Amino acid sequence: MVVDDEESLCEILQFNLEIEGYLVDVAYSAEQVLKMNPEKYSLILLDVMMGPLSGFKLARILKENEKTALVPIIFCTAKDTEDDTVAGLNLGADDYILKPFSIREVIARVKSVLRRTEPLLHPEPLQTIVFEGMTIDLSKKICLVDGQDIPLTKKEFEILILLLRHKNKILSREEILNQVWSDDVIVLGRTIDVNITRLRKKIGNYGKHIVTRLGYGYGFEI
């Protein structure tokens with residue numbers, strides 16, 4: 001989001017950032033920003049000297065709100081004293097660009113800040129599940145038990161993941177069916193029992209953690 005009370009400057013920044021492949025919204029006041037769900041943005045380019053609510057005041061509001069505290073802010077302003085820069089950075093801004101600036105400089109600063117902050121705003125999903133000496137690699141689709149690759153079928157692998165993600169919880173056969181088998185496949189409860197039995201054997205000593213609760217279902221207890 002680009003925030004500045006100079007509409008022409010907003011349009012210039014929006015145009016050039018969109019050429020770089022970014023999706024850009026603009027706001028012409030700090031008050032307008034607060035009505036635009038600022039928590040959804042990956043970065044806010046923010047002017048300081050605006051109407052009743054200044055950029056500094058807006059930054060303080062955003063940083064004090066749990067929903068927006070991690071949204072990075074770059075101040076773009078003509079307030080060029082050392083005290084102004086220090087004040088902006090102390091508010092939690094990620095960078096401080098002085099006007100007049102070149103578009104190339106702004107784009108370079110934007111790319112730099114996003115490289116640092118994107119992993120915090122949008123962390124990659126967990127790719128491994130670990131329990132003691134057993135490791136499930138979700139991207140490679142492998143199960144390692146004490147360092148040894150255990151050959152699991154697709155359904156065995158998916159059942160194990162499901163049970164590990166819900167440790168110490170008993171899942172009914174119906175819950176397992178809905179998660180592991182597609183809706184258009186008819187599967188008997190016995191099929192789940194057979195897969196669980198094979199799975200217990202394949203993962204060795206860790207199989208004892210897969211428990212049966214008669215009349216209720218299965219779980220992975222630790």
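The values are calculated or read from the model by the stated rules, or taken from the named source; none is laboratory data. Here the structure is a predicted model, which means the values were calculated and not measured. Positions of Cβ are generated from backbone atoms using ideal geometry, with glycine treated the same way; all protein chains shown enter the neighbour counts.
Which residues, taken from region 83-101, are of a type outside the set (A, V, I, L, M) and in contact with a helix residue (DSSP H, G or I) (Cβ under 6 Å, 6 or more places away or on another chain)?
Once the filter is applied, which keeps residues that are of a type outside the set (A, V, I, L, M) and in contact with a helix residue (DSSP H, G or I) (Cβ under 6 Å, 6 or more places away or on another chain), region 83-101 yields G92, D94, D95, Y96.
For region 57-90, which residues satisfy the criterion of being in contact with a Leu (Cβ under 6 Å, 6 or more places away or on another chain) and buried (at least 17 other Cβ atoms within 10 Å of the Cβ)?
Correct list: A59, T68, P72, I73, I74, F75, C76.
Return the pairs, sorted by first residue and then second, in which the second residue is of a type in the set (A, V, I, L, M, F, W, C) and loosely packed, with under 14 Cβ neighbours inside 10 Å, the first residue lies in region 162-173 and is closer than 11 Å to E221 by Cβ, the beta carbons are less than 6 Å apart, and the residues are 6+ apart or on different chains.
Close Cβ pairs (under 6 Å, with a partner that is of a type in the set (A, V, I, L, M, F, W, C) and loosely packed, with under 14 Cβ neighbours inside 10 Å) amount to K167/I222.
Determine, yes or no, whether I61 is of a type in the set (V, I, T) and more than 24 Å from R116 (Cα to Cα).
Criteria not met by I61.
Scanning for something of a type outside the set (G, A, S) and touching a Pro at 6+ places or on another chain (Cβ under 7 Å), does region 102-122 turn up at least one residue?
yes
S29 passes all but one of (1) touching a Phe, Trp or Tyr at 6+ places or on another chain (Cβ under 7 Å); (2) over 19 Å from A87 (Cα atoms); which number fails?
(1)
Anything in region 7-24 that is in contact (Cβ under 8 Å) with a residue 60 or more places away in the chain and of a type in the set (D, E)? List them, or say none.
Once the filter is applied, which keeps residues that are in contact (Cβ under 8 Å) with a residue 60 or more places away in the chain and of a type in the set (D, E), region 7-24 yields only E20.
Taking only region 12-23 into account, find how many residues are farther than 21 Å from P100 by Cα and surrounded by 13 or more Cβ atoms within 10 Å (Cβ to Cβ).
1
So if I check each of Y28, Y41, which one is more than 11 Å from M1 (Cβ to Cβ), modelled with pLDDT of 90 or more and not charged (D, E, K, R)?
Y28
Within region 197-210, which residues are closer than 16 Å to R173 by Cβ and within 33 Å of the chain's Cα centre (by Cα)?
Of everything in region 197-210, those that are closer than 16 Å to R173 by Cβ and within 33 Å of the chain's Cα centre (by Cα) turn out to be L199, I210.
Residue check: is L53 in a loop (DSSP other than H, G, I, E, B), assigned by TED's automatic domain parsing to the domain that holds V113 and either at positive phi or of a type outside the set (V, I, T) (or both)?
Spelling it out, L53 is indeed in a loop (DSSP other than H, G, I, E, B), assigned by TED's automatic domain parsing to the domain that holds V113 and either at positive phi or of a type outside the set (V, I, T) (or both).
What is the number of the single condition among (1) farther than 30 Å from K202 by Cα; (2) touching a helix residue (DSSP H, G or I) at 6+ places or on another chain (Cβ under 8 Å) that R104 does not meet?
Unmet for R104, out of (1) farther than 30 Å from K202 by Cα; (2) touching a helix residue (DSSP H, G or I) at 6+ places or on another chain (Cβ under 8 Å): (2).
Output the number of the condition that D4 fails; it satisfies all remaining conditions of (1) more than 27 Å from the chain's Cα centre (by Cα); (2) under 14 Å from Y96 (Cα atoms); (3) not aliphatic (A, V, I, L, M).
(2)
Select from region 194-222 the residues that are under 16 Å from E158 (Cβ atoms) and aromatic (F, W, Y) and list them in ascending order.
If the condition is that a residue be under 16 Å from E158 (Cβ atoms) and aromatic (F, W, Y), then Y218, F220 are the ones that fit.
Considering every residue within region 90-107, establish whether at least one is assigned by TED's automatic domain parsing to the domain that holds Q14 and on the phi > 0 side of the Ramachandran plot.
So far as region 90-107 goes, yes, one or more of its residues are assigned by TED's automatic domain parsing to the domain that holds Q14 and on the phi > 0 side of the Ramachandran plot.
Quick one: K169 ticks every box in (1) of a type in the set (D, E, K, R); (2) modelled with pLDDT of 90 or more; (3) out of contact with any strand residue (DSSP E or B) (no Cβ under 9 Å at 6 or more places or on another chain) bar one, so which box is it?
(3)
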